[in-house]
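K.L.:
Before we start, here is the structure in question, set down as structure tokens.
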Amino acid sequence: MSRATSLVSIDWVQENLNNPHVVFVEVDEDTTLYDKGHIQGAITFHWRDDLQDGLIRDLISKEKFEALLSKSGIANDSTVVLYGGNNNWFATYAFWYFKIYGHQDVRLIDGGRKLWELKGLPLVNEVPARAATRYVAKERDNSIRAFRDEVVAAIGAKNIVDVRSPQEFSGELAAPAHLPQESGQIKGHIPTAKNIPWSKAANEDGTFRSNEELSELYKSAGVDFAKETIAYCRIGERSAFSWFVLHELLDLQNVRNYDGSWTEYGSLVGVPVAIGA
Amino acid sequence: MRTCGATPGGPDLAGVDLTTQAVIQGAVLRAGVEDGVPNGAPVGNAYVRLLDSTGEFTAEVPTNELGQFRFFAAPGAWTVVVLAHGAREEIKVQAQKGSPVDLVVQI
């Protein structure tokens, strides 16, 4: 994968608004955004109602993913183009999700909804009617997903990248500053993790920094590109953003998103925790 | 819609425990003042970024239909950056528990 195959510009989007092969999908943290207007022809997935199992804490099953895409009119050969608010956090999470289930051609809009709005480009309210398909997913590709035992084993051995804010990393805050700070987890970070906030990979307008800048960002923070890397945050969405940077834009192999993230790790009994910068 | 005489600023704080939360909030409005009361239209598609005392990004939220936003920060110095189509504003604030920072940002 690379920047050329995984990322599209808003100019590309404008040229492909009526391309029948392309399905635009908006995925937001604030799920009311789609109803306030969206890119022409876009459908939406709800990050919780559509993409979480609901009973156990896990991704939806292959069968449910197939049903979701089929009823949404996404075919196996569709070019799925994701975007969303909040600097594409949940859109990159959905991107990772499509990769987990082996979708061939999935891309992300550079800058997402924010750049689209900051450029004053039109949003529409019509919800498109798409003919249902018979989507067939692949078995889960867990090579891009990390589980808790692998994370504990990675301490001091692999790159662990904590992409939360410095305040969450140090233990000062329990959650991002736009969320209430009550939390069941203890505060801190996984020992030996490097704190490279997701935001450092993005420009103010939501677009990604250049590959040269991104490579320097991670190397200068002590990430060894020759080793495997595990990215985590609080619930796995911001780390999907950083996973996208490392695995898709920088084309590194062996990069996993730990979607259990701090809400799981910070609740585990007996695992080591570090605090401070 | 905001009317003349309404209290300017961020969302209603009912239900927020201000003794434990250092709230930074406000409203983004189109520039326009009448009798000293901001009465510009709310800007519901602005993005508000919170930077820490070193200028490091901490959080970002879109404004709601009333142009409002809210952060739950830690006590200390912060910078609020408002981005909207054709506009960018920076405001330095001091957050503390017990007393919310409530801004009216006109763009």
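K.L.:
Being surrounded by fewer than 21 Cβ atoms within 10 Å (Cβ to Cβ), among the aromatic types (Phe, Trp, Tyr) and under 28 Å from A:SER9 (Cα atoms) is true for just one of A:PHE225, A:PHE244. Which residue is that?
P.N.:
It is A:PHE225.
K.L.:
Just for helices (runs of 4 or more DSSP H) wholly inside segment A:103-213: which have at least 1 residues that are away from chain B (no Cβ under 14 Å)?
P.N.:
Details: elements: A:112-118, A:148-154, A:166-170.
The qualifying helices (runs of 4 or more DSSP H) are A:148-154.
K.L.:
Separate question: Do we have any residue at all in segment B:41-60 that's open to solvent by 40 Å² or more (accessible area, probe 1.4 Å) and in contact (Cβ under 8 Å) with a residue 60 or more places away in the chain?
P.N.:
Filtering segment B:41-60 for residues open to solvent by 40 Å² or more (accessible area, probe 1.4 Å) gives B:41, B:45, B:53-56.
Imposing the further condition that a residue be in contact (Cβ under 8 Å) with a residue 60 or more places away in the chain reduces the set to none.
Within segment B:41-60 (the criterion being open to solvent by 40 Å² or more (accessible area, probe 1.4 Å) and in contact (Cβ under 8 Å) with a residue 60 or more places away in the chain), the answer is no, since none of the residues qualifies.
K.L.:
Here is a further query. If a residue must be at the interface with another protein chain (Cβ under 10 Å from one of its Cβ atoms) and either modelled with pLDDT under 90 or not in a loop (DSSP other than H, G, I, E, B) (or both), how many such residues does segment B:24-50 contain?
P.N.:
7
K.L.:
Would you tally the residues in segment A:27-55 being touching a residue at least 60 places away in the same chain (Cβ under 8 Å), open to solvent by less than 10 Å² (accessible area, probe 1.4 Å) and away from chain B (no Cβ under 14 Å)? Before the answer, list the steps.
P.N.:
Keep residues of segment A:27-55 that are touching a residue at least 60 places away in the same chain (Cβ under 8 Å), which gives A:27-29, A:33, A:35-43, A:47.
Add one more test, that the residue is open to solvent by less than 10 Å² (accessible area, probe 1.4 Å), and what stays is A:27-28, A:37-39, A:42.
With away from chain B (no Cβ under 14 Å) added as a condition, the list becomes A:27, A:42.
Residues in segment A:27-55 being touching a residue at least 60 places away in the same chain (Cβ under 8 Å), open to solvent by less than 10 Å² (accessible area, probe 1.4 Å) and away from chain B (no Cβ under 14 Å): 2 in total.
K.L.:
Could you tell me how many of the residues in segment A:214-257 are more than 30 Å from B:ALA87 (Cβ to Cβ), aromatic (Phe, Trp, Tyr) and part of a helix (DSSP H, G or I)?
P.N.:
Summing the residues that are more than 30 Å from B:ALA87 (Cβ to Cβ), aromatic (Phe, Trp, Tyr) and part of a helix (DSSP H, G or I) in segment A:214-257 gives 2.
K.L.:
While we're on this one: Condition check: under 20 Å from A:ALA277 (Cβ atoms), away from chain B (no Cβ under 12 Å) and not hydroxyl-bearing (Ser, Thr, Tyr). Does A:VAL223 satisfy that?
P.N.:
Here the answer is yes, as A:VAL223 does meet what is asked.
K.L.:
Within segment A:56-75, track down each residue that is of a type outside the set (A, V, I, L, M) and either open to solvent by 40 Å² or more (accessible area, probe 1.4 Å) or over 14 Å from A:ARG130 (Cβ atoms) (or both). Working first, answer last.
P.N.:
Taking segment A:56-75 and keeping what is of a type outside the set (A, V, I, L, M), we get A:57-58, A:61-66, A:70-73.
Of everything in segment A:56-75, those that are of a type outside the set (A, V, I, L, M) and either open to solvent by 40 Å² or more (accessible area, probe 1.4 Å) or over 14 Å from A:ARG130 (Cβ atoms) (or both) turn out to be A:ARG57, A:ASP58, A:SER61, A:LYS62, A:GLU63, A:LYS64, A:PHE65, A:GLU66, A:LYS71.
K.L.:
Among residues belonging to segment B:61-104 that are over 14 Å from the mean Cα position of the chain (by Cα) and closer than 27 Å to A:GLY120 by Cβ, point out the one that is most open to solvent (accessible area, probe 1.4 Å).
P.N.:
Among them, the one singled out is B:HIS85.
The values are calculated or read from the model by the stated rules, or taken from the named source; none is laboratory data. This is a predicted model, so every value here is computed, not measured. Here the Cβ is made from the backbone with ideal geometry for all residues, glycine too, and neighbour counts use every protein chain on show. Accessible surface is based on the protein model in full, side chains and every heavy atom, while ligands, DNA and RNA are left aside. Shrake-Rupley method; radii C 1.70, N 1.55, O 1.52, S 1.80 Å.
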